[in-house]
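Peer 1: Can you read through this structure? Questions will come right after.
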Amino acid sequence: EYGYRDKVLFGIGEVRTLVTIRERFPEAKVLGFIRDPEDIEAFGEQKVNFIRLWERWLNPENVRRVKESGAELWIMTGGPETNYRVGRPDEEALKRLMTFEPDGLLVNAIPFVKSVLATL
C-alpha cells in the first residue's frame, strides 16, 4: 500500500516462519537469525538472503556452509565466549572477523568499526 515492499528486511528465527514469508512475499529480503548452525541448510533451502552467524560459531566449515547455501554471511559480533559485549568488538577481534570475508557485520559501535575497516 505504501510502496515499501522493497525496503523491508525480515529477520526470521524459524524456518516455518520463513516458509510463510516466502509464500506471502516471495521477493522479500530475509535475514536468517538461525538458532543453531545446524539450521544453515534448512534456511538455505528456503532461499534466505542472509544468514547471521554468532561470532562463537565462526569456523571455516560453518562459513563454507553458509556460502554454499547461496546466502550472504553476516556476523553478529561479541556475545558469549568473547571478551566484549554484543556489537562492540575490539580492533583485534574485528580484524580476525574480517578474515572470514563476511558480507555484513552486526555491530553497535559503527564509527569505531568504520575507522578500523578503513585501515584494512
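Peer 1: Could you tell me whether residue 69 is hydroxyl-bearing (Ser, Thr, Tyr) and open to solvent by 50 Å² or more (accessible area, probe 1.4 Å)? Break it down into steps so the answer makes sense when it comes.
Peer 2: Details: hydroxyl-bearing (Ser, Thr, Tyr): yes; open to solvent by 50 Å² or more (accessible area, probe 1.4 Å): no.
Taking the combined requirement at face value, the residue does not satisfy it.
Peer 1: Take the range 46-66 and flag every residue that is surrounded by fewer than 16 Cβ atoms within 10 Å (Cβ to Cβ) and either touching a Cys at 6+ places or on another chain (Cβ under 9 Å) or at pLDDT 95 or above (or both).
Peer 2: We begin by selecting, within the range 46-66, every residue surrounded by fewer than 16 Cβ atoms within 10 Å (Cβ to Cβ); these are 47, 56, 59-61, 64.
Of everything in the range 46-66, those that are surrounded by fewer than 16 Cβ atoms within 10 Å (Cβ to Cβ) and either touching a Cys at 6+ places or on another chain (Cβ under 9 Å) or at pLDDT 95 or above (or both) turn out to be 59, 60, 61, 64.
Peer 1: Let me ask something else about it. Within the range 107-114, identify whether any single residue is open to solvent by 60 Å² or more (accessible area, probe 1.4 Å), on the phi > 0 side of the Ramachandran plot and either out of contact with any Lys or Arg (no Cβ under 9 Å at 6 or more places or on another chain) or not aromatic (Phe, Trp, Tyr) (or both), and answer yes or no.
Peer 2: If we filter the range 107-114 for residues that are open to solvent by 60 Å² or more (accessible area, probe 1.4 Å), which is where we start, we get 108, 110-112, 114.
Next cut, on the phi > 0 side of the Ramachandran plot only: none.
Among the residues of the range 107-114, not one is open to solvent by 60 Å² or more (accessible area, probe 1.4 Å), on the phi > 0 side of the Ramachandran plot and either out of contact with any Lys or Arg (no Cβ under 9 Å at 6 or more places or on another chain) or not aromatic (Phe, Trp, Tyr) (or both), which makes the answer no.
Peer 1: Restricting to the range 33-44, what's the tally of residues that are in contact with a Ser or Thr (Cβ under 9 Å, 6 or more places away or on another chain) and under 21 Å from residue 6 (Cα atoms)? Show your work before the answer.
Peer 2: Let us first name the residues in the range 33-44 that are in contact with a Ser or Thr (Cβ under 9 Å, 6 or more places away or on another chain), namely 40-41, 43-44.
Checking which are under 21 Å from residue 6 (Cα atoms) leaves us with 43-44.
Residues that pass the stated criteria total 2.
Peer 1: Follow-up question, since we're still on this one. Please go through (1) under 22 Å from residue 116 (Cα atoms); (2) surrounded by fewer than 19 Cβ atoms within 10 Å (Cβ to Cβ); (3) not hydroxyl-bearing (Ser, Thr, Tyr) for residue 89 and return the number of the only condition it doesn't satisfy.
Peer 2: Going through (1) under 22 Å from residue 116 (Cα atoms); (2) surrounded by fewer than 19 Cβ atoms within 10 Å (Cβ to Cβ); (3) not hydroxyl-bearing (Ser, Thr, Tyr) one by one, residue 89 breaks only (2).
Peer 1: Let me ask something else about it. Hey, can you tell me all the residues within the range 72-86 that are surrounded by 16 or more Cβ atoms within 10 Å (Cβ to Cβ) and among the aromatic types (Phe, Trp, Tyr)?
Peer 2: 74, the sole residue that qualifies.
Peer 1: Please work out which residue is surrounded by the most Cβ atoms within 10 Å (Cβ to Cβ), limiting yourself to the range 7-26 and to residues that are within 20 Å of residue 74 (Cα to Cα) and modelled with pLDDT under 90.
Peer 2: Here the answer is 8.
The values are calculated or read from the model by the stated rules, or taken from the named source; none is laboratory data. This one's a predicted model, so the numbers in the text were calculated from it and none came from an experiment. Virtual Cβ from ideal backbone geometry, glycine too; neighbours counted across all protein chains shown. Just the protein is used for accessible areas: all its heavy atoms, side chains included, with ligands, DNA and RNA removed. Shrake-Rupley method; radii C 1.70, N 1.55, O 1.52, S 1.80 Å.
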